[in-house]
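Okay, structure first, notes after.
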Amino acid sequence: MERGGYVYILSNRSNTVVYTGATSELKTRILKHRSGFYQGAFTKRYGCYKLVYFKGFMRIEDALDEEKRIKGLDKIKKRELIRKSNPDWKDLFHDELDD
């Protein structure tokens with residue numbers, strides 16, 4: 001059975017730092033980042049709690065491939081990717097993921 005997944009980008013309050021990740025449970029993962037669940041993690045150290053980009057995939061493997069692709073981009077390309085779908089760098093968590 002195939003399992004879907006997401007690639008996502010978190011940013012800090014001033015939009016100067018970004019973190020890219022992939023998961024099969026986006027809402028749960030973002031809540032864990034925000035709660036400080038991942039002690040010593042990059043997101044906690046740099047305050048990356050704002051969901052500024054995400055994309056869903058039918059297969060988790062495709063999300064993982066996209067995560068690797070995005071991580072390979074330079075900072076300018078990552079910022080362009082975010083601006084295409086979220087020009088104001090809004091926190092998409094409540095607007096897009098709340099039930």
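Structure notes:
- Flag if residue 13 is among the basic types (Lys, Arg) and either touching an Asp or Glu at 6+ places or on another chain (Cβ under 8 Å) or in a loop (DSSP other than H, G, I, E, B) (or both): yes
- Residue within the stretch 26-41 that is surrounded by fewer than 14 Cβ atoms within 10 Å (Cβ to Cβ), of a type in the set (S, T, N, Q) and under 13 Å from the mean Cα position of the chain (by Cα) present: yes
- Taken over the stretch 16-47, the criterion of being β-branched (Val, Ile, Thr), in a helix (DSSP H, G or I) and under 22 Å from residue 79 (Cβ atoms) is satisfied by 30, 43.
- Residue that is nearest to residue 17 (Cα to Cα) [pool: residues in the stretch 67-92 that are under 14 Å from the mean Cα position of the chain (by Cα) and outside any helix (DSSP H, G or I)]: 89
- Subset of the stretch 10-63 (residues that are among the small types (Gly, Ala, Ser), closer than 19 Å to residue 82 by Cα and at pLDDT 95 or above): 11, 14, 21, 22, 56, 63
- Subset of the stretch 50-99 that is in contact (Cβ under 8 Å) with a residue 60 or more places away in the chain and hydrophobic (A, V, I, L, M, F, W, C) - its residue that is surrounded by the fewest Cβ atoms within 10 Å (Cβ to Cβ): 97
The values are calculated or read from the model by the stated rules, or taken from the named source; none is laboratory data. Owing to the predicted nature of the structure, the values given are computational and were not obtained by experimental measurement. Please note: Cβ atoms are built from the backbone with ideal geometry, for glycine as well, and neighbour counts cover all protein chains shown.
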